[in-house]
1. Can you find a residue that is closer than 18 Å to residue 261 by Cβ and among the acidic types (Asp, Glu) anywhere in the range 27-36?
2. Looking at residue 142, is it at pLDDT 95 or above and aromatic (Phe, Trp, Tyr)?
3. Restricting attention to the range 137-187, which residues are assigned to a loop (DSSP other than H, G, I, E, B) and touching a strand residue (DSSP E or B) at 6+ places or on another chain (Cβ under 7 Å)?
4. From 183, 188, grab the single residue that is of a type outside the set (A, V, I, L, M, F, W, C) and over 19 Å from the mean Cα position of the chain (by Cα).
5. Determine if the range 86-103 includes at least one residue that is among the polar types (S, T, N, Q) and in contact with a His (Cβ under 8 Å, 6 or more places away or on another chain).
6. Have a look at 220, 195 and point out the one that is closer than 16 Å to residue 181 by Cβ and of a type in the set (Phe, Trp, Tyr).
7. Show the residue pairs that are 6+ apart or on different chains and have beta-carbon atoms under 6 Å apart, the first residue being within the range 235-261 and without any contact (Cβ under 8 Å) to a residue 60 or more places away in the chain, the second being surrounded by fewer than 20 Cβ atoms within 10 Å (Cβ to Cβ) and not hydrophobic (A, V, I, L, M, F, W, C).
Amino acid sequence: MSARTIAAGVWPTMITPFSTDGSIDYGTLETLIEWYIERGVTGLFAVCQSSEMFFLSLKERLALARACVKYAAGRVGVIASGHVADELADQADEAKMMAATGVDAVVLLTNRFARDHEGDAVFRKNLDRFIKMFPEDVMLGFYECPAPYKRLLSPAMMQYGVESGRFGFLKDTSCRIGDIKAKLEIAKGSNFKLFNANTATLLESLKAGAAGYSGIMTNFHADLYTWLCSNWSKDAVQAQELQDFICLASMIEYQLYPVNAMYALQLEGLPFKLVSRRADPAMFTESMRKEVEQMTRLSRVFSARYGKAPN
């Protein structure tokens, strides 16, 4: 992978497996990475909100990124976020350490550069300061992370990112096709690629030029997303049928995530424990379990038809 290019396709927002004592379970992490790769993903988005990065220490975030790079072993790319500090200098230090783990790009949280009531002027000023503190040879990305608040890139800041030449990745969480199309128009002809995190608008965004998908549902049926992102233009009828299913299935996101994803991965045969620092597994009800089980059975029907059917 070029130091200035992020490949199109599917970039799972990785969840972090934990042992019963609450520590990171690196054995299961390696198994999870193999599961993603077997299902055709392009790369891995490590140390993101799905990874519970706000509940990991800096040491853990860096170790997690290093492990992902090690286990991926060059077969797929790895990008990572994990800069959660409030002070700009601390953010820059965190990001430099993350870059040193060997990831292909460091992804910046858009909400770290200005408070929710502050405008683009503050955002631009702080981002300028950050970039001056950061090595020029490391590619950057943007992540419109919903926590602690969601800050979408404005057209002006999208233009800034494109013109800077420093950015190669955007995880868009606008969930609005109009916003996505406007960003894609600004990025046209550049190496700045937009990856949609929203399933409902995914097919339409691919038709508009989005590079792929990077979102929660890769932890349930990654193969269906890799099929759609690779084949949407080859068979319009099949693509729409699959889009309709994965959109309906994505309502599972409103359950107890990431515990429900851990359970879904258990059903896939992965040795996940229902242990999370972000969500209380005791809140994972019998009804929720049945919903995940039934969705998983239906997912396998579509996997046999479109994706790579599980062994």
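The values are calculated or read from the model by the stated rules, or taken from the named source; none is laboratory data. This structure is a prediction, so every number in the text was calculated from the model and none was measured. Methodologically, a virtual Cβ is constructed for each residue, glycine included, from the backbone with ideal geometry; neighbour enumeration extends over all protein chains shown.
1. Yes, the conditions are met somewhere in the range 27-36.
2. Taking the combined requirement at face value, the residue satisfies it.
3. Passing the criteria: 138, 139, 144, 145, 153, 166.
4. 188
5. Checking the range 86-103: at least one residue is among the polar types (S, T, N, Q) and in contact with a His (Cβ under 8 Å, 6 or more places away or on another chain).
6. 195
7. That search, which allows pairs on different chains as well, returns 259/281.
Every residue, every condition in (1) without any contact (Cβ under 8 Å) to a residue 12 or more places away in the chain; (2) under 18 Å from residue 11 (Cβ atoms); (3) in contact with a Lys or Arg (Cβ under 9 Å, 6 or more places away or on another chain), yes or no:
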residue	(1), (2), (3)
143	no, yes, yes
156	no, no, yes
183	no, yes, no
215	no, yes, yes
